[in-house]
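Worksheet: one structure, shown below.
The values are calculated or read from the model by the stated rules, or taken from the named source; none is laboratory data. Keep in mind that what you see is a predicted model, and the values were worked out from it rather than measured. Please note: Cβ atoms are built from the backbone with ideal geometry, for glycine as well, and neighbour counts cover all protein chains shown.
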Amino acid sequence: MIPEIGLFALILGLAFSFVLASVPLLGSYKNHSGLMQLAKPAAIGQFLFLALSFACLIYAFTVDDFSVKYVASNSNTQLPMIFKVSATWGAHEGSLLLWALILTTWTLAVSLFSKPLPDSLNSRILSVLGMVSIGFILFILLTSNPFERLIEVPTEGRSLNPLLQDIGLAIHPPVLYMGYVGMAVAFAFAVAILLEGKFEMAWARWAKGWTIVAWAFLTIGIALGSWWAYYELGWGGWWFWDPVENASLLPWIVATALIHSLSITANRGSFQSWTLLLAILAFSLSLLGTFLVRSGVLTSVHAFTTDPSRGVFILIFLVIVVGSSLSLYASHAHKVTKRKPFNPVSKETLLLLNNVILMAMMATVLLGTLYPLILDALGLAKLSVGAPYFNSVMLPLTIPLALFMGLGFATYWREDNSKRLLQRLWLPAVSSLLIAFLIPLLILPEFSGLAVIGLLMSSWIAFSALHWLLKENSAGLVKPSFQKIGSVMAHIGFAVTLTGITITSIYSIEKDVRLEPGQSYQINQYRFEFVNVKQKQVDNYLASEGHIKVYEDGIPLTELHPEKRTYLSQAMPMTEAGIDAQLSRDLFVALGEKLDNQAWSVRLQYKPFVRWIWLGSILMALGGVITLLQRRKNSAVKNTIQSQAEKTA
Amino acid sequence: MSPVRKKRFYMVLLLVVGISIATFLIVQAFSQNMMFFFSTSEVKQGKAPKDREFRLGGLVVEGSVKRIPKTLTVQFELTDSITPVSVEYTGILPDLFREGQGIIAKGQLNASGVFVASEVLAKHDENYMPPEVADSLAKAAKINAENAKNAEKAGSTEAISESIKEKSE
Amino acid sequence: MKKQMIPLSLFAGLVIFLAIGLTLDPKEVPSPLIGKPAAKFSLERLYSETAFSPSELKGQPWILNIWASWCVSCRQEHKLLVNFSKQNSTTIVGLNYKDTPEEAKAWLKELGNPYQITVQDPKGRAGIDWGVYGVPETFIMDANGIIRHKFTGPLTKDRVKNQLLPLLKQLENERTAVQG
């Protein structure tokens, strides 16, 4: 009964989406405020029914209702409760339902917090979001119904892939989806602006806030995925340029460009057309990501998780959403655009340049992901482009990106003077040069040109950001605003990530060795002593647990226990690494397999600064969120001023 | 040129130069890092490059996996069910490396025709077959089937005469 | 051309490629094995220690159903197969794919056994020769052992009524025509 309620709620949710997509839009054209005000109740209804539907699916999982095909295929009675819940979005159907739920959550939020916008624009935004929900809910109902019943009810469901029984992976998709789907707000905003025919600076500020929230979720989502791959896939890699990873990176890059472009539009009123294009692009790439991951184009033989009718549906959806918005852009964008002159030496120029670089990065990733697919489509060849391609293009593009980023902090809007700019810049320039040369010379194990470049980039960003914050502070008596603190923090976060990537890429040591009990292997100051491997049985798996003592300069440091697990429900083995984590380095041990004579093959890794990659991402996301506090504070200030004015009057 | 135009000109010039450099970099990196896929039959036919890395895919031949004692070197054979190719790899094999499993190896041919792998990939899903491997198997199956058909043609008269015999009985 | 048109035209190009990419999906492409003789294999039977190979069934049309106890959609089609075997005399061979004998037997006991012959392929080796991408899959062979049709994914009432039964009838006619 409950699954039927879930399905019914989904259909009712769809009905509300239809109302949301049409009535407020109509109202905006007829200038009928009653129709426009229907948007809010429609958004609330849509959200409530989707939430009910999702709750029904979770319930089916928690009570092991194997009469539901999706539950039977993705859960079993042995599963711990938390993984039963997370199994709800572990596969295709449920993750789409989660996606739709998140979309309606964003829609609800937009309907509640949109004071700065005129009613007509607000109604249009909500209607566009309603249209997107129609697409998603129809997709679920027509091709991927999670509530489908089985005629024969199995007594036991199929086990989840043990890889998925992990808390990191359980929270990864919802966070990532918050980011993906959040791009729909900026998209709806852009389409609504094109329909509205004008673009005011205050509106750009509104859109920037929403984009930052979505971007922060996306940042955390990507970092979580990378962290999960690092400790769970067992081999110490943190980024593989895998199509699924690329699918999340593409909207992130565009969203980063969009935030900066919105910032120009909000402060100076220029670049409107470019901003709108980026907003459309960011969401289009989220959809393209869905298309690539969900339709099975990239993993075309991945048996029955894929279904061509889904692919066809997504492609049609993609064509409608992206095609119509780009057509609208082509026909209407020139009406919206205003040109505002600016000097070549100005913040605008630098932001524009970095926007161009980010687009080049996006194109690089897109090309590397789609090119093999295109060649395959034309029947020309089967090939792949691996990590070296991405690395060798991204590195040279990051150098000017970092340079302009630092310069951007020191430069004024509209017009600046190159001589005065240099005066302002010498301090961060000199300090970052010092850091970039001294750290490799004094601290790092060996001098490397690439390390100098990487450190120069990140310290340049960090110092110029800090300099900008502090100088402003000392010159005036104004307290630094949240806007500034957040922005500086986000950029320092980027610098931290960049540092982590640089050092871990250059100085990591990875050794596959054969060790017999009692034997040791030395990496830098660390000695890894292989004690033994013991068998043990835990709940639903058998494990070979290794015991490795680690000494630093001869002094016992820690003991690591990497495991090789074999899950009872599945034949495949799993590697659980033993990791000793510190801010400045990770020691990483994974068991390979048993060889002759009690010996095992063991992978030993020394990964300096690898934590900084994820730490930086957290700083970026936090910084983004802190900039949002600003707007509230501003309006609060305004309010108090107003109320004081009223009082005095 | 007026100063404004001049500035604009420089900006456009800068952009054009930047974009050209970026395009050059991308194309360059692309052509250097394209990694083609070859089936084992294609390798035996000499279609695979001798001087650069490529990807080789196939099934791990049952009973072919051998370890060199006291080292981490493993030797095994990959096949598309027609022609096997010897592969050598030093290091830790992925969890799902098993006999009979479809895998992809990245590496280069050495002088004696052995494929020296620098990386062995097997996906984290026991029912998963890398698309390239499935494709090469399908091709090989087609060839096998054609051979079988030809062989059958040779013996078809026998089959017919047999069925006639059955009928007369 | 207006410069605002550029993104739209780039996107149009991309869509064309994606559409072509979709048509490459394995389910859309007919199996290269259709019209070819059935791949040879010799596998151990589930209920006896003797081997079975397809050549034993020469002279009659037969059905090969590939299934596994861990496969949920197999469960769905199984009832259909059981009914089918009660109403039709065509031989159905079940190929138990990447499974254990214990679980396979338990499954057949629970749901009924539609197979005249059940063979085991624990490592999926024979499945590969048949170009199996996943389970369930069903192949139809004619009296000469040529593969005439392949069903990817579970059989449905609709597929049985509109595709399988007419095909079997046709194969039966062909056989009697040759013999007559």
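Residues to consider are C:Thr50, C:Thr23; find the one that is more than 12 Å from chain B (Cβ to nearest Cβ), at pLDDT below 80 and more than 16 Å from the chain's Cα centre (by Cα).
Values: C:Thr50 fails: at pLDDT below 80.
Going through C:Thr50, C:Thr23 in turn, the sole match is C:Thr23.
Okay, residues lined up against (1) closer than 22 Å to A:Ala186 by Cα; (2) outside any helix (DSSP H, G or I); (3) more than 12 Å from chain B (Cβ to nearest Cβ):
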{"site": "A:Leu315", "(1), (2), (3)": "yes, no, yes"}
{"site": "A:His334", "(1), (2), (3)": "yes, no, yes"}
{"site": "A:Asn354", "(1), (2), (3)": "yes, no, no"}
{"site": "A:Leu367", "(1), (2), (3)": "no, no, no"}
{"site": "A:Tyr371", "(1), (2), (3)": "no, no, no"}
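Among the residues of the stretch A:504-529, count how many are among the acidic types (Asp, Glu) and more than 34 Å from the chain's Cα centre (by Cα). Residues in the stretch A:504-529 being among the acidic types (Asp, Glu) and more than 34 Å from the chain's Cα centre (by Cα): 2 in total. Of the residues screened, A:Leu498 is not one that is surrounded by fewer than 19 Cβ atoms within 10 Å (Cβ to Cβ), within 30 Å of A:Glu446 (Cβ to Cβ) and aliphatic (A, V, I, L, M). For A:Leu12, are the conditions met, namely being part of a helix (DSSP H, G or I), touching a residue at least 12 places away in the same chain (Cβ under 8 Å) and buried (at least 24 other Cβ atoms within 10 Å of the Cβ)? Against the criterion (part of a helix (DSSP H, G or I), touching a residue at least 12 places away in the same chain (Cβ under 8 Å) and buried (at least 24 other Cβ atoms within 10 Å of the Cβ)), A:Leu12 does not qualify.
Residues that are among the hydrophobic types (A, V, I, L, M, F, W, C) and either surrounded by fewer than 16 Cβ atoms within 10 Å (Cβ to Cβ) or more than 14 Å from chain B (Cβ to nearest Cβ) (or both) number at least 2 in the following strands (runs of 3 or more DSSP E) confined to the stretch A:556-623: A:578-581.
Yes or no: A:Thr107 among the hydroxyl-bearing types (Ser, Thr, Tyr) and outside any helix (DSSP H, G or I)? Considered against the rule, which asks whether it is among the hydroxyl-bearing types (Ser, Thr, Tyr) and outside any helix (DSSP H, G or I), A:Thr107 comes out as no.
Applying the criterion of being within 10 Å of chain C (Cβ to nearest Cβ) and assigned to a loop (DSSP other than H, G, I, E, B) to the residues of the stretch A:270-313, the residue that is modelled with the highest pLDDT is A:Asp307.
Please determine whether any residue of the stretch A:147-165 is modelled with pLDDT of 85 or more and part of a loop (DSSP other than H, G, I, E, B). Please lay out each step first, then the result.
To start, the set of residues in the stretch A:147-165 that are modelled with pLDDT of 85 or more comprises A:147-149.
If we keep only those that are part of a loop (DSSP other than H, G, I, E, B) too, we end up with A:147-148.
Scanning the stretch A:147-165, I find at least one residue that is modelled with pLDDT of 85 or more and part of a loop (DSSP other than H, G, I, E, B), so the answer is yes.
Residue pairs whose Cβ atoms lie under 8 Å apart, sitting 6 or more positions apart in sequence or on different chains, and linking a residue in the stretch C:83-112 that is within 17 Å of C:Leu43 (Cβ to Cβ) to a partner that is among the charged types (D, E, K, R) and at pLDDT below 85, are C:Leu95/C:Asp121; C:Asn96/C:Asp121; C:Tyr97/C:Asp121; C:Lys98/B:Glu126; C:Lys98/C:Asp121; C:Lys98/C:Lys123. Of everything in the stretch A:406-427 that is out of contact with any Leu (no Cβ under 9 Å at 6 or more places or on another chain) and closer than 23 Å to A:Gly486 by Cα, the residue that is surrounded by the most Cβ atoms within 10 Å (Cβ to Cβ) is A:Arg424.
Within the stretch A:342-352, count every residue that is outside any helix (DSSP H, G or I) and at the interface with chain B (Cβ under 8 Å from one of its Cβ atoms).
Of the residues in the stretch A:342-352, the ones outside any helix (DSSP H, G or I) are A:342-346.
Imposing the further condition that a residue be at the interface with chain B (Cβ under 8 Å from one of its Cβ atoms) reduces the set to A:343-344.
Residues that pass the stated criteria total 2.
If the condition is being within 13 Å of the chain's Cα centre (by Cα), touching a residue at least 40 places away in the same chain (Cβ under 8 Å) and assigned to a strand (DSSP E or B), then the stretch C:145-163 contributes C:Ile147, C:Arg148, C:His149, C:Lys150, C:Thr152.
Check A:Ser487, A:Ser505 and return the single one that is farther than 30 Å from A:Leu629 by Cβ and of a type outside the set (A, V, I, L, M, F, W, C). Spell out how you get there, then give the answer.
Working: A:Ser487 fails: farther than 30 Å from A:Leu629 by Cβ.
Step by step, each of A:Ser487, A:Ser505 is checked, and only A:Ser505 is farther than 30 Å from A:Leu629 by Cβ and of a type outside the set (A, V, I, L, M, F, W, C).
The single condition among (1) modelled with pLDDT of 90 or more; (2) closer than 30 Å to A:Lys484 by Cα that A:Ala202 does not meet is (1). B:Phe24 fulfils the conditions (1) within 12 Å of chain A (Cβ to nearest Cβ); (2) closer than 30 Å to B:Arg98 by Cβ except for a single criterion, (2).
Of B:Leu14, B:Leu56, which residue is over 20 Å from A:Val365 (Cβ atoms) and outside the structural domain of B:Ser81 (by TED's automatic domain parsing)?
Numbers: B:Leu56 fails: outside the structural domain of B:Ser81 (by TED's automatic domain parsing).
Going through B:Leu14, B:Leu56 in turn, just one is over 20 Å from A:Val365 (Cβ atoms) and outside the structural domain of B:Ser81 (by TED's automatic domain parsing): B:Leu14.
State all residues of the stretch B:27-38 that are part of a strand (DSSP E or B) and facing another protein chain (nearest Cβ under 7 Å); if no residue qualifies, say none. Listed by number, the residues that qualify are B:Met34, B:Met35, B:Phe36, B:Phe37. Selection within the stretch C:71-127: residues that are within 14 Å of chain B (Cβ to nearest Cβ) and basic (Lys, Arg). The member of this set that is farthest from B:Gly58 (Cα to Cα) is C:Lys98.
Yes/no per residue for (1) acidic (Asp, Glu); (2) under 25 Å from A:Gly135 (Cβ atoms); (3) modelled with pLDDT of 95 or more:
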residue	(1), (2), (3)
A:Tyr29	no, yes, no
A:Leu35	no, yes, no
A:Ala43	no, yes, yes
A:Gln46	no, yes, yes
A:Phe49	no, yes, yes
A:Ala55	no, yes, yes
A:Ser67	no, no, no
A:Ser75	no, no, no
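Among the numbered conditions (1) part of a helix (DSSP H, G or I); (2) surrounded by fewer than 18 Cβ atoms within 10 Å (Cβ to Cβ); (3) under 13 Å from the mean Cα position of the chain (by Cα), the only one that B:Lys7 does not meet is (3). Selection of the stretch A:313-348 for residues being farther than 17 Å from A:Val132 by Cβ and β-branched (Val, Ile, Thr) yields A:Val336, A:Thr337, A:Val345.
Hey, does the stretch A:225-233 have a residue that's within 15 Å of the chain's Cα centre (by Cα), farther than 24 Å from A:Leu326 by Cα and within 14 Å of another protein chain (Cβ to nearest Cβ)? Yes, that holds for at least one residue.
Somewhere in the stretch C:91-98, is a residue under 14 Å from C:Pro136 (Cβ atoms) and assigned to a loop (DSSP other than H, G, I, E, B)? Talk me through it step by step, then tell me what you get.
Step one: list which residues in the stretch C:91-98 are under 14 Å from C:Pro136 (Cβ atoms), which gives C:92-98.
Now restrict to residues that are assigned to a loop (DSSP other than H, G, I, E, B): C:98.
Within the stretch C:91-98, one or more residues are under 14 Å from C:Pro136 (Cβ atoms) and assigned to a loop (DSSP other than H, G, I, E, B).
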